[in-house]
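Q: Here you go, one structure.
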Amino acid sequence: MGRDRFPLKLLLVGFGNVGRELARILVHRTDYPGLADLDVSVVGITTGRHKSLANEDGIDLARALQELDEHGRFTPGNPDYAELDSVKAAETLDYDVLVEMSPLSIENRGEPATRHVRTALGRGRHVISCNKGPLAFAFREIRTLADQKGVAFLHETTVMDGSPVFDMARSCMRGNTILRIDGILNSTSNYVLCAMEKGKTFAEGVAGAQAEQIAEADPSNDLDGWDASVKIVALANVLMGADLRPHDVDRESMAGITPDRVKAARERGNRIKVVCSAWRENNTVKASVKASEVPLEHPFALVDATGSIVRFETDLLGKILMTEENPDITTTAYGVITDLYALDGGDR
Ligand SMILES: NC(=O)c1ccc[n+]([C@@H]2O[C@H](COP(=O)([O-])OP(=O)(O)OC[C@H]3O[C@@H](n4cnc5c(N)ncnc54)[C@H](OP(=O)(O)O)[C@@H]3O)[C@@H](O)[C@H]2O)c1
């Protein structure tokens with residue numbers, strides 16, 4: 001991977017929950033003593049429908065956030081206002097790192113995010129992707145392009161928010177072959193299952209997840225297992241050398257899980273969890289997303305509400321687990337920050 005040093009100039013593609021939280025942290029970085037050496041400036045911000053900003057000397061992020069709060073969009077009154085779409089910005093602006101934070105589209109097989117990533121890497125710029133699409137639909141091509149150009153393609157936020165899942169596997173488990181990965185990786189489905197254990201119906205569980213802004217207005221990607229499929233494919237492609245696509249996953253929707261089934265599992269001393277798995281079989285890697293009964297004493301049974309867990313089974317290090325409790329949007333934005341530090345002369 002190519003190395004770079006702070007200061008780094010960032011192009012933010014997408015400025016929703018994650019982008020705004022990243023901007024908020026940057027505006028208030030003196031509140032976080034550990035970020036004293038985080039020396040970055042944002043030279044471009046693009047959105048889908050809320051217009052764009054560009055300034056090679058650094059966008060006024062406090063003003064950008066305030067403007068969105070007050071007007072719901074960037075306006076021509078802002079001195080940094082720019083008529084620029086994301087592809088054009090990726091092609092023309094002078095930045096060191098493109099941070100891809102547009103929404104995942106499964107129907108469009110990871111586009112337009114993959115195009116943004118490809119464009120930046122093709123220009124010899126680093127990419128940090130929060131968007132799982134490029135990992136799930138085009139990882140090999142992107143990895144090859146990044147290697148050819150001698151730049152980094154980092155993506156810590158894509159699975160378990162800011163938790164160092166990829167970093168741990170790459171940096172602390174070198175020399176191991178990962179034989180199997182299992183995890184609970186989708187917050188909405190886990191939240192709904194926990195709600196059903198407390199006597200709620202499926203619909204009430206979904207409504208609760210939406211009220212707490214865990215689930216989107218259309219939660220079908222979570223409840224049908226697509227989000228979990230994309231995450232297990234991302235892990236398998238990056239860490240097991242697989243070349244899977246989300247449609248290759250043996251995927252079970254949550255639609256068939258009733259409160260009675262949840263209750264019956266509890267009576268057997270189990271909890272139902274949506275478990276994603278990837279394993280090696282006949283020189284290939286297979287993946288599944290299944291509603292599974294796990295015994296109460298199993299570590300996966302301890303994952304409540306919006307928590308996540310991943311377990312790596314390796315040839316040398318045995319079984320290693322990482323859990324995440326109650327992630328929020330700050331932990332997600334931190335995933336971008338940890339990738340920025342990796343760029344600042346990191347040893348990967
Ligand atoms: N939220 C989380 O906790 C979390 C955790 C891990 C990973 N992620 C991933 O991080 C990414 C961002 O998540 P989010 O929660 O911030 O999403 P979000 O709130 O829906 O924001 C998405 C942003 O992308 C913009 N956008 C849409 N189409 C675009 C395009 N073609 N070019 C540039 N920008 C475009 C949207 O602009 P308009 O509103 O103007 O359309 C909006 O600013 C997603 O890929 C998500 O899967 C999120």
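Q: Could you tell me which residue out of 343, 190, 48 lies farthest along the dipole of the chain toward its positive end? Charges go on the beta carbon: Lys and Arg +1, Asp and Glu -1, centred on the Cα centre.
A: Of the options given, the answer is 190.
Q: Let me ask something additional. Considering all projection directions equally, how large on average is the shadow of the alpha-carbon convex hull of region 103-149, in square nanometres?
A: 2.8
Q: Here's something else I'd like to know. Given Cα pairs under 8 Å that are at least 6 residues apart, what percent is the relative contact order of region 204-348?
A: 15
Q: Can you put 6, 15 in order, fewest other beta carbons within 10 Å first?
A: Neighbour counts put them in this order, fewest first: 6, 15.
Q: Let me ask something else about it. Just to be sure I follow the rule: in region 171-324, considering lysines 8 or more places apart or on different chains, how many pairs have Cα atoms under 18 Å apart?
A: 10
Q: Right, something else. Mind sorting 276, 130 by how few other Cβ atoms lie within 10 Å of their own Cβ, fewest first?
A: Exposure proxy ranking, most exposed first: 130, 276.
Q: Same structure again: Under 19 Å between alpha carbons, and skipping anything fewer than 8 positions from residue 149 in its own chain: which aspartates and glutamates qualify?
A: Straight-distance partners of residue 149: 4, 91, 94, 96, 100, 141, 339, 344, 347.
Q: Of 330, 158, 144, which has the largest mean-square fluctuation in a 10 Å C-alpha GNM of the chain?
A: Looking only at 330, 158, 144, the biggest GNM fluctuation is shown by 144.
Q: Pick from 11, 84, 154: which is most flexible by mean-square fluctuation in a GNM of the chain where alpha carbon atoms under 10 Å apart are linked?
A: Evaluated over the chain, the most mobile residue of the options is 84.
Q: Sticking with this one: HN-Hα J couplings of region 273-282 from phi, Karplus 6.51/-1.76/1.60, θ = phi - 60°, integer Hz, Gly and Pro as x?
A: Using θ = phi - 60°, the values come out as 10, 7, 9, 9, 9, 9, 8, 8, 8, 6 Hz.
Q: Just want the ordering: 159, 238, from fewest to most Cβ atoms lying within 10 Å of their own Cβ. Walk me through the intermediate numbers first.
A: On the way: 159 26, 238 20.
Ascending number of Cβ neighbours within 10 Å: 238, 159.
Q: Also, I was wondering about something else. Please build a GNM for the chain, connecting alpha carbons under 10 Å apart, and tell me which residue among 49, 170, 125 fluctuates the most.
A: 49
Q: Quickly estimate the mean residue ellipticity at 222 nm for the chain, helices only: each DSSP H run with n ≥ 4 gives -39500 (n - 2.57), and the total goes over all residues, rounded to 500. Before the final figure, lay out each step's value.
A: Details: 11 runs with 119 residues, N = 348.
Only helices count here, giving -10500 deg cm²/dmol.
Q: Which trypsin sites (Lys or Arg not before Pro) does region 192-231 hold that lie in a coil by DSSP with at most 13 other beta carbons within 10 Å?
A: When the trypsin sites (Lys or Arg not before Pro) of region 192-231 are filtered for loop state and at most 13 Cβ neighbours within 10 Å, 198 remain.
Q: Suppose every Lys and Arg Cβ carries +1 and every Asp and Glu Cβ carries -1, with no other charges. What dipole size does the chain come out with about its Cα centre, to the nearest 20 debye?
A: 900
Q: Determine the distance separating the Cα centre of region 34-66 from the Cα centre of region 187-263; give it in Å without decimals.
A: Rounded to whole Å, the Cα centres lie 33 Å apart.
Q: So what J values fall out for region 168-185 if you push phi through Karplus, 6.51 cos²θ - 1.76 cosθ + 1.60 with θ = phi - 60°, rounded to Hz, Gly and Pro as x?
A: Couplings: 4, 5, 6, 8, 9, 10, 4, x, 7, 9, 7, 8, 7, 10, 10, x, 10, 10 Hz.
Q: Taking θ = phi - 60°, what integer Hz values does the Karplus form 6.51 cos²θ - 1.76 cosθ + 1.60 yield along region 221-229, in sequence order, with x for Gly and Pro?
A: Here the 3J(HN,Hα) series is 4, 6, 6, 8, x, 5, 4, 5, 4 Hz.
Taken together, the values in this text are just the output of simple stated rules run on the coordinates, not laboratory data. Quick caveat, the model's predicted, so the values are computed rather than measured. Neighbour counts are summed over all protein chains in view; Cβ atoms, including those assigned to glycine, are modelled from backbone coordinates with ideal geometry.
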